[in-house]
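Here the structure is laid out as structure tokens; the discussion comes afterwards.
The values are calculated or read from the model by the stated rules, or taken from the named source; none is laboratory data. Just so it is clear, the structure is predicted and the values come from calculations on it, not from any experiment. Virtual Cβ from ideal backbone geometry, glycine too; neighbours counted across all protein chains shown. These accessible areas exclude ligands, DNA and RNA; they are computed on the full protein's heavy atoms, side chains included. Shrake-Rupley method; radii C 1.70, N 1.55, O 1.52, S 1.80 Å.
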Amino acid sequence: MADTFLDSTELVLNMGPQHPSTHGVLRVILKLDGERVLGTECVIGYLHRGVEKIAENRTWQMFAPYVDRMDYVAAVSNGLGYCLAVEKLLGVEAPPRAQAVRVILTELNRIASHLLWLGTHALDIGAITPLFYCMREREYVLNIYEKYCGARLTTHAFRIGGLQYETYEGFEKECLEFCDLFEKKIDEYEELLTGNRIWQQRLTGVGILTAEDCKEYGVTGPMLRAAGVKWDIRKAQPYSGYEKYDFEIPVRENGDTYDRYIVRMQEMRQSVRIVRQAVADIPAGPILAKVGKVIKPPVGEAYVSIEAPKGELGYYVVSDGSTQPYRVRIRPPSFVNLQALDKMCRGALVADVVAIIGTTDIVLGEVDR
Amino acid sequence: MKQLLRKVFLADLIEGLRVTFRHQHPKQIVTEQYPQERPKIGERYRGAPRLNINPDNGETLCIACDLCALACPENLIVVGWERNPETKKKELVTFTYDISRCMFCGLCEDACPVDALELTQDFEMASYTREGAILDRQTLENGLLPTRYRF
Amino acid sequence: MPDDTKPEGASAPEPTSEPAAKPGAEQPAPAEAQPAAEAAPAASAPEKPPAAPAAGGQPAPKPAPAAKPAAAAGAAKPAAAAAPKAPAAMAATPWESDLTRALKEEFGDQILDFSSYAGQNFLAAKPEAAVPILESLKEIHDFDYLVDVTAVHWPDKPEPFEIVYIVYSFARNERIRMKIRIPEGYKPRTAVPVHLTANWLEREVYDMFGVEFEGHPDMRRILLPEEWETFPLRKENSILKMDQHWVQENLGIESGQ
Ligand code: SF4
Ligand code: SF4
């Protein structure tokens, strides 16, 4: 049957940069053999703003709002990482009250980020309904942010040394209300998705990354935990008082897209648990450590990383003793995780590529910085 | 066996649909009819800037100290002042604020020693031209005029 | 405070996108001149005459003209405050543990020193030893996760680029850094055979600093467009200096500022 007429050739397909399921301006060049993906290449940088260069031209405080604009769905986590890094350089620690509020807000942020991921991921697979529900619940979190610090997405909630804003009246109550409401809502999402046969068939066995692959590619966050590695910086190297709270690290074994979904759902439940504990026990006291109006860290360098919703978010900061950073290097989880896309896509079907991009949970603002 | 029955009777589908239909109830509707219905804005919302004036005598509160301009990462505030020959005090002459480059981070508001500059709850700042985004002292003191839409 | 430089009227504050008052402006004038002579390794620098030939008939083998206007714009202010203050050294303390002893034994004087600052440990190594050390850390000492590869530019030092590798061990729950210092034009060996994740991270270092890695499978720019001319995170490229040429050609606008 060596009929040249039926010979198949490889097809190079351009996906993006404007594609509804690449979650931003990501361009993926796919090499296809029929329905099978032979290889991919990511073209990134469309959103590059030179954040690291901007840092070198701003003072330490002035740079804080810019980090919110990297991973804009998890701005609070970005801010926390930056503040912790500079505090490490300065050798100060935020007061206990500030730490507790930081934990509450970052955990709420994890929920918001995972909700957005869940909604858009489900939308990519073809389930439209969860998106509306997720956005509705996310609104509660954003409203808490709006009341707390005056902005919904790019919050600039934390300052170096602690907090700028005192909690507003009814903050605790609203957080608890959200926790009560949200736990029921997670059950609802699971009702919609977890048992759904289409959902299961589209996700199980797709985009497998084993634990070895994850370490090799530096993949962190829920993707690593879905591959069976019980590792979370909040537990391994606690920061901002996370050692005080009782929570579990959800892990799964297979490392496929479905397991990542389960891990993220469990993580939201754990975040609710942390928020409850933290709200119940916000210590009284000051909210800002004594750092002075002009921040001038001594000559030195530090690397501080936190468990952002997407993985390990690290800041490598170098100070030359002036009021401006000498170098701020941001280790973005999305950027590093995206590198494993090729590995996950090889051998998959074209339709799975969409699922795999969704499960990587990238934010292009952070990939490109 | 149970699995098979669930499959045959589309149990997973029905469970999902039940959730969907539960949310059809009018009480569950959360959509905001925005232009007709005003959203509730948080008190600390960082929106359009305002230069506060002293309500008693109508003079500006700003002491022209330039701290807001120095605190701004985007460097978009320009404070024009001159020294009053009699009192030897700085007096505010002009104040420009370019909201097209502002990221509403609130650093200028924090820096102001007399709470003259304030980011208000007004969030409707669209304008048809780029020049319209550069606010002068008068606009800042009176507040933004509502945009007149060209329908 | 240079109040007098501010436009007095209601004119748009456009041109001042750099903080007007830079406390301790860090770009001394000599550092501005040096880079132009180095003629960045980017092969596609059409209007830049190679700076090296000393013989040419031109009487002034000074900085390449192409780089001049931009450099002047960026360096106008700092020129006055050029007196470079002696940078204080980092107050690091020595770091000693079983790991350092084992590494010392294996690599001898390839490792320059072990230190610790703010509770974080790092080692400085000779550039050619970087990849063997990473390999040994991975194979013998369980540092199986390369967190980050990045660089810092110190234009005043004889070896201006400091490449920083951050590695983490899941088993030991320990994070260490390794630093190598390289001169301009030196090509360190790539770490991709040891850690696949180094691929993009090294590309980003190349993109931002122009440090090429020897043996890298795909040494191209990653965030910036392929034809971009400068390496933005080098200190001599001020934030106002960007590749106007590229911007004008491809975006059809005067300037990206
Ligand atoms: S809100 Fe931030 S960016 Fe806007 S003027 Fe104030 S300091 Fe500048
Ligand atoms: S900081 Fe306040 S008082 Fe000072 S110039 Fe700005 S608005 Fe006026």
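A simple spin-label model places pseudo-atoms 7 Å from Cα toward Cβ; at C:SER97 and B:GLU43 they are separated by 4.9 nm.
Label positions at A:ASP33 and A:ALA236, each projected 7 Å from the Cα along the C-beta direction, are separated by 3.7 nm.
For C:MET90 and C:LYS104, the difference between the fully extended length at 0.36 nm per residue and the C-alpha to C-alpha distance is 2.8 nm. For the pairs A:LYS185/B:LYS27; A:LYS215/A:LYS244; A:LYS235/A:LYS310; A:LYS296/C:LYS235; A:LYS147/A:LYS244, note any where the Cα-Cα span goes beyond 18 Å. As for pairs spanning more than 18 Å Cα to Cα, those are A:LYS215/A:LYS244; A:LYS296/C:LYS235; A:LYS147/A:LYS244. Solvent-accessible surface of the range C:144-216, averaged per residue with a 1.4 angstrom probe and all protein chains in place: 29 square angstrom. Once backbone amide H atoms are built at 1.01 Å from N, B:LEU135 has B:TYR97, B:ASP98, B:ILE99 as its partners under 5 Å, excluding neighbours fewer than 5 places away on the same chain. Taking label positions 7 Å along the Cα-Cβ direction at both A:LEU176 and C:ASP142, the computed distance is 4.3 nm, reported to one decimal.
The fraction of accessible area contributed by carbon and sulfur in the range C:93-222 is 48 percent, rounded to a whole number (1.4 Å probe; ligands and nucleic acids excluded).
Local charge sum around A:LYS31 (other residues, Cβ-Cβ under 11 Å, Lys/Arg +1, Asp/Glu -1)?
On the way: positive: A:ARG36, A:ARG346; negative: A:GLU10, A:ASP33, A:GLU41, A:ASP342.
Residues near A:LYS31 contribute -2 overall.
Which sequence of C:ASP109, A:ASP342 reflects their accessible areas, 1.4 Å probe, from the largest down? Don't skip to the end; give the middle numbers.
Details: C:ASP109 115, A:ASP342 40 Å².
Descending order: C:ASP109, A:ASP342.
Only Cα sites of the protein assembly as shown enter the Debye sum here, all with the same form factor; the resulting log10 I(q)/I(0) across q = 0.09 1/Å is -0.94, listed in q order. Distances between placed amide hydrogens fall under 5 Å for C:VAL147 paired with C:ILE166, C:VAL167, C:TYR168, all partners being 5 or more residues away or on another chain. Nonpolar atom fraction for chain A, defined as the carbon and sulfur part of the 1.4 Å probe accessible area, stands at 54 percent. Evaluating 6.51 cos²θ - 1.76 cosθ + 1.60 at θ = phi - 60° for every residue in the range A:258-267, the Karplus couplings come out as 5, 5, 5, 4, 4, 4, 5, 5, 5, 4 Hz, glycine and proline recorded as x.
Using only protein heavy atoms and a 1.4 angstrom probe, determine the accessible area buried between A and C, summed over both sides, in Å² to the nearest 100.
Values: alone 15550 and 15320 Å², together 26340 Å².
Roughly 4500 Å².
Restriction of the GluC sites (Glu not before Pro) in the range A:205-254 to DSSP coil positions whose beta-carbon has at most 15 other beta-carbons within 10 angstrom yields A:GLU248, A:GLU253. Centre-to-centre separation between the Cα atoms of the range A:295-310 and those of the range B:75-151: 34 Å. For chain A, the relative contact order works out to 27 percent when only alpha carbon pairs closer than 8 Å and six or more residues apart are counted.
Divide by every residue of chain A the summed helix terms, -39500 (n - 2.57) for each DSSP H run of at least 4, and state the resulting mean residue ellipticity at 222 nm, rounded to the nearest 500 deg cm²/dmol. Let's see the in-between values first.
Details: 15 runs with 178 residues, N = 369.
Only helices count here, giving -15000 deg cm²/dmol.
Taking all Cα pairs closer than 8 Å and separated by 6 or more residues, the relative contact order of the range A:41-105 comes to 19 percent. Averaged over the residues of peptide B:124-137, the number of Cβ atoms from other protein chains lying within 10 Å of each residue's Cβ is 1. Interface residues of the range A:48-80, defined as those losing at least 30 Å² of solvent-accessible heavy-atom surface relative to the isolated chain (probe radius 1.4 Å), are listed as A:HIS48, A:LYS53, A:GLU56, A:ASN57, A:ARG58, A:MET62, A:PRO65, A:TYR66, A:ARG69. Report, by chain and number, residues whose modeled amide H sits under 5 Å from the one on A:ALA308, excluding near sequence neighbours (fewer than 5 apart, same chain). When sequence neighbours closer than 5 places are left aside, the close amide H contacts are A:LEU313. If R0 is 56 Å, the Cβ-Cβ spacing of A:GLU243 and C:TYR186 corresponds to a FRET efficiency of close to 0.80.
Determine the sum of side-chain charges near B:LYS89: Lys and Arg each +1, Asp and Glu each -1, restricted to other residues whose C-beta is under 13 angstrom from that of B:LYS89. Numbers along the way, then the final one.
Values: positive: B:ARG83, B:LYS88, B:LYS90; negative: B:GLU59, B:GLU82, B:GLU86, B:GLU91.
Taking every Cβ under 13 Å from that of B:LYS89, the sum is -1.
For the range A:214-326, what percent of Cα pairs sit more than 19 Å apart?
Details: 3709 of 6328 pairs.
Of the Cα pairs, 59 percent sit more than 19 Å apart.
When you filter the trypsin sites (Lys or Arg not before Pro) in the range B:7-75 for DSSP loop state and at most 15 other Cβ atoms inside 10 Å of their Cβ, you are left with B:LYS40. What the Cβ-Cβ distance of B:LYS89 and B:THR120 gives, at R0 = 35 Å and to the nearest 0.05, is a FRET efficiency of 0.80. Remark: the Cα gyration tensor places the range A:187-274 in the oblate category, a/c being 1.5 or greater and a/b not exceeding b/c.
Unpaired cysteine residues in chain B (no second Cys Cβ under 4.7 Å): B:CYS62, B:CYS65, B:CYS72, B:CYS102, B:CYS105, B:CYS112.
How large is the accessible surface per residue of chain A, computed with a 1.4 Å probe and reported in Å² as a whole number? Let's see the in-between values first.
Values: 12120 Å² over 369 residues.
Per residue, chain A has 33 Å² of solvent-accessible surface.
Taking both sides together, the accessible area buried where B meets A is about 2400 Å² for a 1.4 Å probe.
Taking the centroid of alpha carbons for each part, the range C:170-215 and the range A:13-92 are 20 Å apart.
Per residue of B:69-80, other chain Cβ atoms within 10 Å of the residue Cβ number 6 on average. Taking every protein chain into account, the accessible area of the range B:49-142 amounts to 51 square angstrom per residue (probe 1.4 Å).
Just to confirm the filter: which trypsin sites (Lys or Arg not before Pro) across the range C:165-235 are DSSP coil and have at most 13 other Cβ within 10 angstrom of their Cβ? Passing both the DSSP loop test and the Cβ count: C:ARG172, C:ARG220.
For chain B, modelled as a GNM whose springs connect Cα atoms under 10 angstrom apart, the maximal fluctuation among B:GLN121, B:GLN24, B:GLN138 occurs at B:GLN24. Among the residues of B:98-110, the average count of other protein chain beta-carbon atoms within 10 Å of the residue beta-carbon is 4.
For the range A:175-289, what's the relative contact order in percent, using C-alpha pairs closer than 8 Å and at least 6 residues apart?
Over the range A:175-289, the number comes to 31 percent.
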